[in-house]
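Report on the structure given below.
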Amino acid sequence: MENIIAAVDFSDISDAVIETAVDFAEKFEAALWVIHIAEPDPDFVGYEAGPDEVRDQVAEDFRYQHRELQDQVRTLREDGVNAHALLVQGPTSEKLLEEAERLDAEMIVMGSHGHGAIYHVLLGSVSEGVIKGARCPVLIVPAE
């Protein structure tokens, strides 16, 4: 069974990413993995976790992302798509590439936010990191 990954971040571009990935999954009779990479837990990257309020907010955000992802996949399944949800924490590009490798993905579909040159120079680009490291085709859905 082939696997196609739709990487979502719950921004405005996520629906277009899923729609594009569904088209490919249906054409190639592939399983669709809707993946969201959540921010890493500060405890895992060597920082203090901060006050309880901050940790509670991070936990609430994670629960919200999990529910949102499950809802999206449930809707896809109701429409007959062989869809699966996957929520992991960590550095976005690296985790996405790890999951693509683990799933032996045939394609990664992700969105571009169209940030300007200064943003790109200062923070880099998740898309660029994935394109450079991927062992499968990467399709970038442009921001409108």
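By the scheme Lys and Arg +1, Asp and Glu -1, what is the net charge of all other residues having a beta-carbon under 13 Å from that of ALA143?
Here the charged neighbours net out to -4.
How high is the FRET efficiency between GLU94 and GLU29 when r is their beta carbon distance and R₀ equals 22 Å, given to the nearest 0.05?
Computed FRET efficiency for GLU94 and GLU29 comes out at 0.15.
Determine the gain in length on full extension of the stretch ALA143-ASP104; use 0.36 nm per residue of separation and subtract their C-alpha separation, reporting nm with one decimal.
Using 0.36 nm per residue and subtracting the Cα-Cα distance, I get 11.3 nm.
Hey, how many Å between the Cα centroid of the stretch 65-86 and the Cα centroid of the stretch 124-144?
Each part reduced to its Cα centre gives a spacing of 23 Å.
Which distance in nm do the two modelled labels at GLN70 and GLN57 give, with both placed 7 Å along the Cα-to-Cβ direction?
Output for this residue pair reads 2.5 nm.
Just so you know, all these numbers are worked out from the coordinates, no wet-lab data involved. These numbers come from a predicted model, not from an experiment. Using ideal geometry, Cβ is built from the backbone for each residue, glycine included, and neighbour counts are taken over all protein chains shown.
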